[in-house]
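One structure below.
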């Protein structure tokens with residue numbers, strides 16, 4: 001297990017700001033950061049001077065969250081937005097052809113049917129009591145590479161560095177779907193996954 005002296009100062013700074021880290025540990029973290037004040041100062045100076053990117057100020061968790069945020073941004077700009085635009089253009093053409101009143105009635109009818117079906121199949125459930133801790137956990141999970149409470153396969157670390165780990169996983173079952181056949185449009189893979197998670201599965205259960 002790493003000691004404080006083996007961790008990057010950026011990771012120590014993240015721990016210092018983390019409300020879930022024990023208050024008993026924070027004085028030791030602060031003392032270690034003070035001991036490395038020259039290293040901190042050099043990094044900040046490099047960033048301000050343009051010699052290093054702002055990512056140099058982030059710890060490992062911050063870098064993972066930044067990569068996750070960029071991945072979400074790519075998903076939105078490359079898949080979700082183009083698909084939404086295509087659907088909006090199709091709806092506009094339909095409105096021009098059939099009239100807004102007919103379209104509004106059709107949308108209302110489809111929505112009611114969808115809600116009835118989802119309720120009958122158990123896809124819509126009344127939310128339970130939500131605590132402050134639940135809300136904080138969900139906020140932390142938004143950009144977390146491995147959300148808290150996520151079931152993951154067991155593994156052992158063969159070797160590691162600051163940037164990666166080589167892991168040996170125990171046997172597991174994986175589900176996949178071939179998306180290489182048929183007509184493919186922007187967002188198809190994302191929509192398939194979302195449908196599966198929201199109840200389009202053998203158990204008719206949202207995950």
*Unique match (being under 29 Å from residue 133 (Cα atoms), part of a helix (DSSP H, G or I) and modelled with pLDDT of 85 or more) among 23, 27*: 27
_Residue that is farthest from residue 4 (Cα to Cα), among those in region 30-43 that are in contact with a helix residue (DSSP H, G or I) (Cβ under 7 Å, 6 or more places away or on another chain) and outside any loop (DSSP other than H, G, I, E, B)_ = 43
*How about region 52-85: which of its residues are over 16 Å from residue 193 (Cβ atoms), in a helix (DSSP H, G or I) and over 20 Å from the mean Cα position of the chain (by Cα)?*
54, 56, 57, 82, 84, 85
*Might you let me know whether region 108-120 holds any residue that is farther than 23 Å from residue 196 by Cα and modelled with pLDDT of 70 or more?*
yes
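The values are calculated or read from the model by the stated rules, or taken from the named source; none is laboratory data. These numbers were taken from a predicted model, which means no experiment stands behind them. Positions of Cβ are generated from backbone atoms using ideal geometry, with glycine treated the same way; all protein chains shown enter the neighbour counts.
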